[in-house]
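For reference, the structure discussed in these notes is given below.
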Amino acid sequence: MLYDGVKRSIEEKVQEVFRIVSPTPNATFLQVSVTQWERHKLTMTMIRDVLMYMDKTFCVRNKKTVIYDVGMELFRDIVVKHESVLPRLQKVLLENILSERQHEPINRTLMKSALSMLVEVNVSSKSLYQEEFENAFLKETQTFYIKEAQFFLNNNTVPDYLKKIEARLLEEEDRASAYLDESSKKKLMDVVEAEVITKYAEQLIKNSSSGAIPMFTKDMLDGRL
């Protein structure tokens, strides 16, 4: 009775959260979502502490999901995965990343909390984060750097091109460390390096007017003698 009653109470509360998050306009959507998520986590931590004995005895004996994980799963299914929330969440996250790549300021703390939410609500795996954010993020990263690399190549010598892509690589490493899940970093860097380095390496070296040959033959490793 206690377990089922607590579960019903959590579900009712999460339904209230959904009614707050769902109609929120895009301008404040991330802030409201994260605020409600953080409150929910705090509430579930307090409930878990009170019901610790139930988790260790009743849940284990009857193979029930512990109450904290029940709260995570309810938040996932009722709020995060709802058709009025998840597509918008992905859209806002990707738009923020594009803005940052265009050197506009964004709230990295909000980004980290929102992306952590996608990981934590799934409890046992990172599949929600991967399927609903990471895949789209890596695809948009590839598209962005296909255009970026071509633009840089058309307007720069090899030394200048290398400096620009070095700066971009450092930016992406910093982005990964600041708010992406740690599992995304290598995937991100592999995509960026493939588009700005691997794809054009031979072209850069063999192009006689690019500046690469003098740079190598005269040992201009950093663009200077």
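Brief remarks follow.
- 222 nm mean residue ellipticity, helices alone, for the chain (DSSP H n ≥ 4; -39,500 (n - 2.57); rounded to 500): -22000 deg cm²/dmol
- Computed label-point distance, nm, for sites residue 171 and residue 104 using a 7 Å Cα→Cβ extension: 1.4 nm
- In this rough spin-label picture, where each label sits 7 Å from Cα along the Cβ direction, the residue 147-residue 50 distance is 5.2 nm.
- Efficiency of FRET between residue 182 and residue 2 - r from beta-carbon atoms, R0 45 angstrom, step 0.05: 0.75
- Taken over the stretch 1-124, the percentage of Cα pairs per 5 Å bin, counting from 0 up to the bin with the maximum distance, is 2, 10, 20, 21, 16, 11, 8, 5, 3, 2, 0.
- The Cα-based radius of gyration of the stretch 76-201, divided by its Kirkwood radius, gives an Rg/Rh of 1.02.
- Full-extension gain in nm, residue 90 to residue 199, via 0.36 nm per residue minus C-alpha separation: 36.4 nm
- Calculated mean projected area of the Cα convex hull in nm² (choose from [x] 13.3; [y] 15.4; [z] 12.4), label: [y]
- Taking the number of Cβ atoms within 10 Å of each Cβ as an exposure proxy, the fewest-first ranking of 196, 119 is 119, 196.
- Around residue 185: net Lys/Arg minus Asp/Glu count, Cβ-Cβ under 14 Å: -4
- Structure remark: mean-square fluctuation, Gaussian network model of the chain, C-alpha springs under 10 Å; the largest value among 179, 200, 145 belongs to 200.
- Under the convention that each Lys and Arg Cβ holds +1 and each Asp and Glu Cβ holds -1, the size of the dipole of the chain around its Cα centre is about 380 debye.
- When both the stretch 1-59 and the stretch 101-123 are represented by their alpha-carbon centers, they are found 20 Å apart.
Every number here is computed from the coordinates shown, using simple stated rules; none is lab data. Keep in mind that what you see is a predicted model, and the values were worked out from it rather than measured. With ideal geometry, Cβ positions are generated from the backbone for all residues, glycine too; neighbour counts draw on all protein chains shown.
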